[in-house]
Amino acid sequence: MNYELSKLGISDLNAMQQDTLAVARKGASVVLLSPTGTGKTLAYLLPLLQKLDEKADKLQALVIVPSRELAIQTADVARRLCSQLRVAACYGGRPAMEEHQQLRGLRPHLVAATPGRLLDHLQKGNLAAEDVRTLIIDEFDKSLELGFREQMHDILSLLPHLQQRILLSATDSEDIPSFLGKENYVRLNFLDEETDDRISLRLVRSPEKDKLRTLYRLLCSLGTQKSLVFVGYRESAERVSSFLTSHGIMADIYHGGMEQRDRERALYRFINGSSNIMVSTDLASRGLDISAVDNIIHYHLPLNEEACTHRNGRTARWDATGAAYFILSPEESLPDYLPDEATATRLPDNAPLPSKPLWVTLYIGKGKKDKISRGDVLGFLTKQGGLESNQIGRIDVLPNWSYVAVERAVSRDLLNRIKGLKIKGQKTIYAIAER
């Protein structure tokens, strides 16, 4: 099965991807350790796509991931790399029967899934495992934590004909359970090639225990840069975002207590540039492919060095640079695992509010199950919506609906023009997806 790197805007593979491709294409089982943001998803998909047979009407490979967002993103990257590939994403938060019907109609070659939902489909016979030869476990340290481990053991027991296992992580772990096999793994360790030299550490002192006003001043000083603010608790995410919004700064929230649809909307707004600030728990520290994040802001300090590594890994991805800001109250100090040379940052007193983002997100109430594609959306917005191609940004077609970034300046006129019109012969709802 052939793939096209150009569809992802990539021309060359980095050293980690080249080495992984060379080893994995030979059929060897691999443990790949590489920092967050270095392109591990692409590293395992490339050799996998070379061995999948698109003419064989059967499931051939599984990718296990720890979160529903990573399942969705993994499936999307695979589809964009290879249009012939039939791929499904399976995860909790939506009816299992809906997925069963999707699987029955699609007959996927590849499935990306969270452990619990994958086990459910395997046990019910919704997925036929007899032809699965390759298993990938992304973020395997997270997927093998207590709570997931028993599910993983049961999944492996239902895959009798595996020939290759690929385990990936951004942190080192010697703990490979016996049910995954301990022999014959080729270990590729790129963790020494840290991104620290591309992430500048900044220290911001808050004069008060409550850091809200300091965060507000920091975000004003950063202007329209893309910033991901990490807090320790769901309630804190709500409080921080509400404070910023009430003071004129657009800020989305993202945490595990939100409805799946609300989480997806917040994530896609941040990814496509409709929102420049997202306040999140550590849920956003792993497995999300968000490009061009300029700043990581630690409103609450990370629990440990590993958590800090994953948070900071959301910026300086690939060859980019970024900054990590640590906001400290009077009684706080930097953790011992951070270097002492973090740069003290003095905030201006009267920085203006950040401008609104260039883009807004258009919601279209039809998706993949309605046979809608990115090309359909693009054609509809240019031909019937009257937009130029440069007024349309990222297009994400999900199973039940679609999100499209369009220029803020033309969004209201666009809604008036397309109101009541059909997309691909189907009537639906069009709306601006604000928080």
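Residues in the range 344-378 that are surrounded by 13 or more Cβ atoms within 10 Å (Cβ to Cβ) and free of Cβ contacts under 8 Å to residues at least 60 places away in the same chain: Gly367, Lys368, Asp370, Ile372, Ser373, Arg374, Asp376, Val377, Leu378. The set of residues from the range 88-113 being part of a strand (DSSP E or B), among the small types (Gly, Ala, Ser) and more than 19 Å from Lys142 (Cβ to Cβ) comprises just one member, Ala88.
Total residues in the range 385-422 satisfying the condition of being in contact (Cβ under 8 Å) with a residue 40 or more places away in the chain and within 28 Å of the chain's Cα centre (by Cα): the figure is 12. Considering the range 383-435, the residues that are in contact with a strand residue (DSSP E or B) (Cβ under 9 Å, 6 or more places away or on another chain) and part of a helix (DSSP H, G or I) include one that is farthest from Arg94 (Cα to Cα), namely Asn390.
Counting residues in the range 81-91 that are surrounded by fewer than 15 Cβ atoms within 10 Å (Cβ to Cβ) and under 21 Å from Val397 (Cα atoms) gives one or more.
Which of the residues belonging to the range 114-133 are among the aliphatic types (A, V, I, L, M) and part of a loop (DSSP other than H, G, I, E, B)? Selection gives Leu127, Ala128, Ala129, Val132.
Results for (1) part of a loop (DSSP other than H, G, I, E, B); (2) in contact with a Leu (Cβ under 8 Å, 6 or more places away or on another chain); (3) within 30 Å of Tyr403 (Cα to Cα), shown as yes or no for each residue.
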| position | (1), (2), (3) |
| --- | --- |
| Ala324 | no, yes, yes |
| Leu338 | yes, yes, no |
| Leu347 | yes, yes, no |
| Leu353 | yes, no, yes |
| Pro357 | yes, no, yes |
| Leu381 | no, yes, yes |
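When Lys26 is tested against (1) closer than 24 Å to Ile176 by Cβ; (2) crowded, with 23+ Cβ neighbours inside 10 Å, only condition (2) is not met.
Candidates Asp12, Asp19, Asp53, Asp57: the one that is surrounded by fewer than 21 Cβ atoms within 10 Å (Cβ to Cβ), free of Cβ contacts under 8 Å to residues at least 40 places away in the same chain and not polar (S, T, N, Q) is Asp12.
Being at pLDDT 95 or above, charged (D, E, K, R) and surrounded by fewer than 19 Cβ atoms within 10 Å (Cβ to Cβ) is a property that holds for Glu407. Answer yes or no: is there a residue in the range 40-47 that is closer than 23 Å to Arg394 by Cβ, among the β-branched types (Val, Ile, Thr) and either at pLDDT 95 or above or surrounded by 19 or more Cβ atoms within 10 Å (Cβ to Cβ) (or both). For the range 40-47, residues closer than 23 Å to Arg394 by Cβ, among the β-branched types (Val, Ile, Thr) and either at pLDDT 95 or above or surrounded by 19 or more Cβ atoms within 10 Å (Cβ to Cβ) (or both): present. Of the residues making up the range 243-261, just one is in a helix (DSSP H, G or I), closer than 15 Å to Lys211 by Cβ and out of contact with any Leu (no Cβ under 6 Å at 6 or more places or on another chain), namely Leu244.
Being crowded, with 19+ Cβ neighbours inside 10 Å and touching a residue at least 60 places away in the same chain (Cβ under 8 Å) is a description that does not apply to Leu244.
Screening Glu139 against (1) out of contact with any strand residue (DSSP E or B) (no Cβ under 7 Å at 6 or more places or on another chain); (2) touching a residue at least 40 places away in the same chain (Cβ under 8 Å); (3) on the phi > 0 side of the Ramachandran plot leaves a single unmet condition, (1).
Quick one: would you say Ser200 is small (Gly, Ala, Ser), modelled with pLDDT of 95 or more, out of contact with any Lys or Arg (no Cβ under 6 Å at 6 or more places or on another chain) and surrounded by 14 or more Cβ atoms within 10 Å (Cβ to Cβ)? For Ser200, the condition - small (Gly, Ala, Ser), modelled with pLDDT of 95 or more, out of contact with any Lys or Arg (no Cβ under 6 Å at 6 or more places or on another chain) and surrounded by 14 or more Cβ atoms within 10 Å (Cβ to Cβ) - is not met.
The values are calculated or read from the model by the stated rules, or taken from the named source; none is laboratory data. Every value quoted in this text rests on a predicted model; they were computed, and no experiment measured them. Don't worry about glycine lacking a Cβ; one is built from the backbone with ideal geometry, like all the others, and counts go over all protein chains shown.
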